[in-house]
Amino acid sequence: MAKKWSAWWAAHKPTKRRLIQVYAALLYNAHIKGFIKGDIYVGPTKNICVPGFNCYSCPGAIGACPLGALQNALASADKRAPWYVLGILMLYGLTLGRTICGWICPLGLIQELFHKLPTPKLPKGRVTHALSYLKYILIGLFVVGIPLAYSVQRFPVPGFCKYICPAGTFEGAMGLLANPANTEKLSILNILFTRKFIIMVGILTACVFCYRAFCRFLCPLGAIYGLFARLSVLGVKVEASRCTDCGRCVAACKMDIRRVGDHECIHCGECIGVCPTKAISMKAGKIVLMENETGKPDGQPDAGRAAKRRLRSLLAWAVALAVLAGVIWFVNRDTSAEPVAVTQAEATPEPEDDTPVGKEIGMRCPDFTVPLYGAEGGTYTLGEHQGKVRVLNFWATWCTPCVAELPHFERVQAEYGDRVEILAIHSDMITDDVQAFIDAEGLVLTFAQDETGDVIKSLGGSTQLPMTVIIDQQGKIVYNRVGSMNDETLRTLIDPLM
């Protein structure tokens, strides 16, 4: 029995590359509390772009997706050049190149797992090679063209993320909606989600029959990293003096490469073992990271060198696991005990009312003070406006549904006048000049900023926008929900309070 299990493990044990792929997926998505609470991490590491394809909106994501960050930066290109994101992409491209695709991209891992399903497989050929250039068209149209085109109209639209990205649907939307805490957010879904869901199912189905279908035909990030194929420090290298051009490496590769290390190569290293002259190895500059197991050209194993390599590998994994544990602790630590600045409104004595303060319907809305936009400036304190129906609209310039619904709030404000007070509170996540946006759109609502994000948190909200809260004349919450709003629904909610 022991021999049988030993043989099974030898045949099925995960490879070093598979372990690193799993490690990268865990590191990118270390926010465990996000999966439990159904919320998105918005801590300091979210300002850092991870190398691989990983949705910003995934409940576990602790960093930004470089492709999404690039689109967002291009959408604001009329205000500033996206030097930071371009610099990050160049840094990753020059150092790691498409090794990122083969070793540390969570979406690549998902595709490979789907491809393991036992079905007939589509071999590569001229058609698949021709289709591999489709991703370069998607860069021009969805990654660059749409964001720049809409930036002229001051609507930030990340084209690829919004219309195609399967990671956004699988990790972001489905990751959030799978949590029972987000059941009510199903009302936000529309035809756009349905289309993206169909696209996601189609891509994952294609991956079952065609190895890494998304990487090969659609991924703009892989196409960008492919531009650095000849320059990247880390990757699979061919020693020209040993190569006999036998073609075994190209034949064994599942990607649409014409030669090892070209723009379609993901540097997975599977070609290293099939080269009869041992001309292929994985290197970081001049440092050899992986080569044929027999090591030397004469076929004799170098036991001493193999032992040193195993020791270095164990030390590297020990450091990596320590880093992962530290990151998990940092992003999931309890910050509830951290001191919170008390505003003037919070220091004001509470009215004599035994109704509890909270986020639920029927509770008294927590008081707050927020700074106002506009030439006059000043602040808005909720508690100073008792006796009126108050509508809080949480929005952001980068949130397309938020921007689309602002005219509905303006119409309702004009209709009800002083009897209703609508306050549009911008998220603490700012990517544009909010005041310039307000002026350009000619908006006349009262606009404020949730500088720390504490206001929306006190009402049970997060980064999921838009969100509307309606408060009656006595300060009690009568409506609190994430989702798009229109003037007809607003009237239906406000009229009974008048």
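The values are calculated or read from the model by the stated rules, or taken from the named source; none is laboratory data. Not measured: the values here are computed from a predicted model. No Cβ is skipped: glycine too gets one built from the backbone with ideal geometry, and neighbour counts run over all protein chains shown. For the accessible areas, the whole protein counts, side chains as well, though only heavy atoms, and no ligand, DNA or RNA atoms are used. Shrake-Rupley method; radii C 1.70, N 1.55, O 1.52, S 1.80 Å.
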So for region 394-414 (the condition being open to solvent by less than 30 Å² (accessible area, probe 1.4 Å) and part of a strand (DSSP E or B)), does at least one residue qualify? yes
Regarding region 94-105, can at least one residue be identified that is in contact with a Cys (Cβ under 9 Å, 6 or more places away or on another chain) and surrounded by fewer than 24 Cβ atoms within 10 Å (Cβ to Cβ)? no
Candidates 214, 193, 170, 228, filtered to the one that is in a helix (DSSP H, G or I), farther than 30 Å from residue 485 by Cβ and of a type outside the set (Ser, Thr, Tyr): 214
Note on residue 34: of the conditions (1) within 10 Å of residue 331 (Cβ to Cβ); (2) surrounded by fewer than 22 Cβ atoms within 10 Å (Cβ to Cβ); (3) in contact (Cβ under 8 Å) with a residue 24 or more places away in the chain, unmet is (2)
So, of the residues in region 188-225 that are open to solvent by less than 60 Å² (accessible area, probe 1.4 Å) and without any contact (Cβ under 8 Å) to a residue 12 or more places away in the chain, which turns out to be nearest to residue 468 (Cα to Cα)? 202
Would you point out which residue out of 451, 384, 360 is open to solvent by 10 Å² or more (accessible area, probe 1.4 Å) and not in a loop (DSSP other than H, G, I, E, B)? 384
Would you check which residues across region 43-56 are surrounded by 19 or more Cβ atoms within 10 Å (Cβ to Cβ) and modelled with pLDDT under 90 and list them? 56
One residue is enough: does region 69-76 have a residue meeting the conditions assigned to a loop (DSSP other than H, G, I, E, B) and under 21 Å from residue 399 (Cβ atoms)? yes
Let me confirm something: among 472, 487, which residue is crowded, with 16+ Cβ neighbours inside 10 Å, over 21 Å from residue 57 (Cβ atoms) and modelled with pLDDT under 90? 487
Report yes if residue 122 is touching a Ser or Thr at 6+ places or on another chain (Cβ under 8 Å), loosely packed, with under 15 Cβ neighbours inside 10 Å and assigned to a loop (DSSP other than H, G, I, E, B), otherwise no. yes
Inspect region 230-251 for any residue being of a type in the set (Val, Ile, Thr) and buried (at least 22 other Cβ atoms within 10 Å of the Cβ) and give the result as yes or no. yes
Is there a residue being within 21 Å of residue 165 (Cα to Cα) and aromatic (Phe, Trp, Tyr) anywhere in region 219-237? yes
